[in-house]
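Derivation of every value follows stated rules applied to the coordinates shown; laboratory data play no part. Keep in mind that what you see is a predicted model, and the values were worked out from it rather than measured. Quick reminder, even Gly has a Cβ in these numbers, built from the backbone with ideal geometry, and neighbours come from all protein chains shown.
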Amino acid sequence: MFNLILSALVVLAVFAAIAAWLNTQTMLRDLEAIKKKLDIQEEKPKDLDND
């Protein structure tokens with residue numbers, strides 16, 4: 001019985017992780033669209049250019 005509950009919790013955790021990853025990807029795509037619409041350019045850190 002304990003193994004069944006533990007397995008169900010693991011499967012639920014995997015589904016929750018996949019849902020969180022998909023939500024993050026959706027938010028990143030939305031942010032890119034907003035940045036394009038507002039014409040915001042990505043700034044690169046200046047201290048990394050002097051290697």
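Please go through the stretch 25-50 and pick out each residue that is hydrophobic (A, V, I, L, M, F, W, C) and within 15 Å of the chain's Cα centre (by Cα). So that I can check it myself, show each step before the final result.
Kept after step one, since they are hydrophobic (A, V, I, L, M, F, W, C), are these residues of the stretch 25-50: 27-28, 31, 33-34, 38, 40, 48.
Selection gives MET27, LEU28, LEU31.
Is there a residue in the stretch 3-24 that is part of a helix (DSSP H, G or I), polar (S, T, N, Q), surrounded by 10 or more Cβ atoms within 10 Å (Cβ to Cβ) and under 24 Å from the mean Cα position of the chain (by Cα)?
yes
Within the stretch 35-47, is even one residue in a helix (DSSP H, G or I) and surrounded by 10 or more Cβ atoms within 10 Å (Cβ to Cβ)?
Yes, there is a match, as at least one residue in the stretch 35-47 is in a helix (DSSP H, G or I) and surrounded by 10 or more Cβ atoms within 10 Å (Cβ to Cβ).
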